[in-house]
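Worksheet for the structure shown next.
The values are calculated or read from the model by the stated rules, or taken from the named source; none is laboratory data. A quick note: this is a predicted structure, and the numbers were derived from the prediction, not measured. As a convention, Cβ positions derive from the backbone with ideal geometry for all residues, glycine included, and neighbour counts pool all protein chains shown.
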Protein chains: 2
Amino acid sequence: MNIEIVPVEGLPIIQKGDDLPALICNIVEINENDILCIASSVYSKSKGYCRTLSSIEPEIRANDIAKKCGEDPRFIQAVLDESEDIIIDHPFILSQLKHGHVGVRAGVDNSNVEDGIIIMLPPDPIGSADEICERIYEITGKKIRVIITDTCGRSFRRGQTGVAIGWSGMSAIHDYRGDHDLFGRELEITEEAVVDEFAAFANFIMGESNRGVPAVIFRNSPYWEGHNELYFKPEEDITRAALKDLKRF
Amino acid sequence: MNIEIVPVEGLPIIQKGDDLPALICNIVEINENDILCIASSVYSKSKGYCRTLSSIEPEIRANDIAKKCGEDPRFIQAVLDESEDIIIDHPFILSQLKHGHVGVRAGVDNSNVEDGIIIMLPPDPIGSADEICERIYEITGKKIRVIITDTCGRSFRRGQTGVAIGWSGMSAIHDYRGDHDLFGRELEITEEAVVDEFAAFANFIMGESNRGVPAVIFRNSPYWEGHNELYFKPEEDITRAALKDLKRF
């Protein structure tokens, strides 16, 4: 049975307090084992993970970085508040968030929200994905799998792609260690970041603009086994080490 | 109409000289505007972009790097031969290929080929994608779009994902510059690397192991407009600059 892609179209503009899983279930039929990808921005809006710029008092460091980056110091303060480790602070802030994801401006976003409001990534995206699974089960009696997506740049290649920041009901990485190729030899490529491959294509379906498709269902997807160590530890990550060194220049 | 995913299952083990587009057309029905993703490895095999390790004479530099990386110097020589610019040479070679892609070991692969044989990425993957489009048109009279994929690691996140190295009939990047969000403001995220989002999900469908699904069709995909500048220029790429600096330590 081939995989089917079902965009979740026609959601209202999400407000704080909205029951996002219930709104999704009103629009599309949920099947057992569906993989539901949800844009972090719309999930964060439903939970009120937003701040008004006018309520933020930038500290000295935020003012310094804002000058280097040409950004609003209140916005930079919000980025610093979300960050656990600043990898570079100009020409843009690249930082590691508390939950492990490394992203530009800590994923703080001011598109598709009202003027003067900024929107943060969910503070515990794995917990959020679990919660969405449970809520969908409450409503429909169906066990599904969930991925929460963000949009992110990358090294060497221009343009953004979708990545996973939270997931539930699956392993982030399909672990092939011990598997063999078509000629019976052990594989060299042994870890596939499957959640990011789903998130990437979900992001294409969502679009970045004003299409208003903040969620996508993948139906009839196979299962995989693996682990959840999606993020390199700092000491394993040569890019991170190199960028941190560069910061000293 | 929702996007449909059609795995191309049941291809024979590909040999040099095989007419890969014809073999694919024998197995699956091709529709106008389909997006056909093909693994670079299987395309390279059909074209004979392979070398036997025993025929390679490593030069001094290859021997030096092989010691640092703990690899076969003949394999390292093949990686150097494919590379235009070495970004780091240990603990693994990361280099830019002639066609712009930056990858570990220049994408030279020894899985799913006979012992002692290594397989290179196609030297002109854009030309290859064009050629596949034309051949499919010859056979079926259908105009399709083609992406040639490779599998690649990334910064900050563990695991490999599919990326595009060649494409035809589409822009690599969907360019949103000038577009507006749901609240009418100009978007900050303006370039989406759509070819990589397709390649990522195609890679999931292909699997990395011994599933023998080297091609995937996406049916009913919308169109996008943009440009083909998928790779950063060296002077735009902060990660590349940082890694090159690190090399001096």
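Take the conditions at pLDDT 95 or above, of a type in the set (S, T, N, Q) and either in contact with a Gly (Cβ under 8 Å, 6 or more places away or on another chain) or more than 24 Å from A:Asp150 (Cα to Cα) (or both) and apply them to B:Thr140. Does it pass?
When the stated conditions are applied, B:Thr140 passes them.
Restricting attention to strands (runs of 3 or more DSSP E) lying wholly within the stretch B:1-73, give those where 1 or more residues are within 30 Å of A:Phe218 (Cα to Cα) and in contact (Cβ under 8 Å) with a residue 12 or more places away in the chain.
Answer list for the stretch B:1-73: B:4-7, B:35-39.
Being modelled with pLDDT of 95 or more and not in a helix (DSSP H, G or I) is the filter here; which residues of the stretch B:193-219 pass it?
If the condition is that a residue be modelled with pLDDT of 95 or more and not in a helix (DSSP H, G or I), then B:Ala193, B:Ala215, B:Val216, B:Ile217, B:Phe218, B:Arg219 are the ones that fit.
Could you pull out the residue among B:Arg154, B:Arg177 that is in a loop (DSSP other than H, G, I, E, B), modelled with pLDDT under 95 and surrounded by 16 or more Cβ atoms within 10 Å (Cβ to Cβ)?
Result: B:Arg154 is the single residue among B:Arg154, B:Arg177 that is in a loop (DSSP other than H, G, I, E, B), modelled with pLDDT under 95 and surrounded by 16 or more Cβ atoms within 10 Å (Cβ to Cβ).
Of B:Lys16, B:Lys98, which residue is surrounded by fewer than 19 Cβ atoms within 10 Å (Cβ to Cβ) and outside the structural domain of B:Phe218 (by TED's automatic domain parsing)?
B:Lys98
Residue check, A:Ser54 against (1) more than 22 Å from A:Asp109 (Cβ to Cβ); (2) surrounded by fewer than 18 Cβ atoms within 10 Å (Cβ to Cβ), all met but one. Which one?
The single condition A:Ser54 does not satisfy is (1).
Could you list all residues from the stretch A:107-127 that are more than 11 Å from the chain's Cα centre (by Cα) and part of a helix (DSSP H, G or I)?
A:Gly127
From A:Ile147, A:Ile88, A:Ile136, which residue is among the hydrophobic types (A, V, I, L, M, F, W, C), within 13 Å of chain B (Cβ to nearest Cβ), surrounded by 20 or more Cβ atoms within 10 Å (Cβ to Cβ) and touching a strand residue (DSSP E or B) at 6+ places or on another chain (Cβ under 9 Å)? Give the derivation first.
Working: A:Ile88 fails: surrounded by 20 or more Cβ atoms within 10 Å (Cβ to Cβ); A:Ile136 fails: within 13 Å of chain B (Cβ to nearest Cβ).
None of the others qualify; the one that does is A:Ile147.
Among residues belonging to the stretch A:109-125 that are crowded, with 19+ Cβ neighbours inside 10 Å and out of contact with any Leu (no Cβ under 8 Å at 6 or more places or on another chain), point out the one that is nearest to B:Arg157 (Cα to Cα).
A:Pro125
Return the residue satisfying two criteria in turn: it lies in the stretch B:157-174 and is over 8 Å from the mean Cα position of the chain (by Cα) and not in a loop (DSSP other than H, G, I, E, B), and of such residues it is farthest from the other protein chains (Cβ to nearest Cβ).
Ranking the candidates gives B:Ser168 first.
Pull up the stretch B:232-249, narrow it to residues that are of a type in the set (Asp, Glu) and within 9 Å of another protein chain (Cβ to nearest Cβ), then point me to the one that is farthest from B:Asp196 (Cα to Cα).
The residue in question is B:Asp245.
Being buried (at least 21 other Cβ atoms within 10 Å of the Cβ), facing another protein chain (nearest Cβ under 7 Å) and more than 14 Å from B:Val8 (Cβ to Cβ) is the filter here, so list the residues in the stretch B:199-231 that pass it.
B:Ala200, B:Phe201, B:Phe204, B:Glu208, B:Leu230
Against the conditions (1) surrounded by fewer than 21 Cβ atoms within 10 Å (Cβ to Cβ); (2) at pLDDT 85 or above; (3) within 9 Å of another protein chain (Cβ to nearest Cβ), where does B:Gly184 fall short? Just the number, please.
Exception for B:Gly184: condition (2).
Do the conditions hold for B:Arg105, that is, is it closer than 25 Å to B:Ala172 by Cβ and either free of Cβ contacts under 8 Å to residues at least 60 places away in the same chain or away from every other protein chain (no Cβ under 13 Å) (or both)?
yes
Here are some residues: A:Ser128, A:Ser83. Which one is on the phi < 0 side of the Ramachandran plot, out of contact with any Ser or Thr (no Cβ under 6 Å at 6 or more places or on another chain) and surrounded by 17 or more Cβ atoms within 10 Å (Cβ to Cβ)?
Answer to the selection: A:Ser128.
Considering the stretch B:128-151 alone, what residues qualify as being assigned to a loop (DSSP other than H, G, I, E, B) and either among the β-branched types (Val, Ile, Thr) or free of Cβ contacts under 8 Å to residues at least 12 places away in the same chain (or both)?
Selection gives B:Gly141, B:Ile144.
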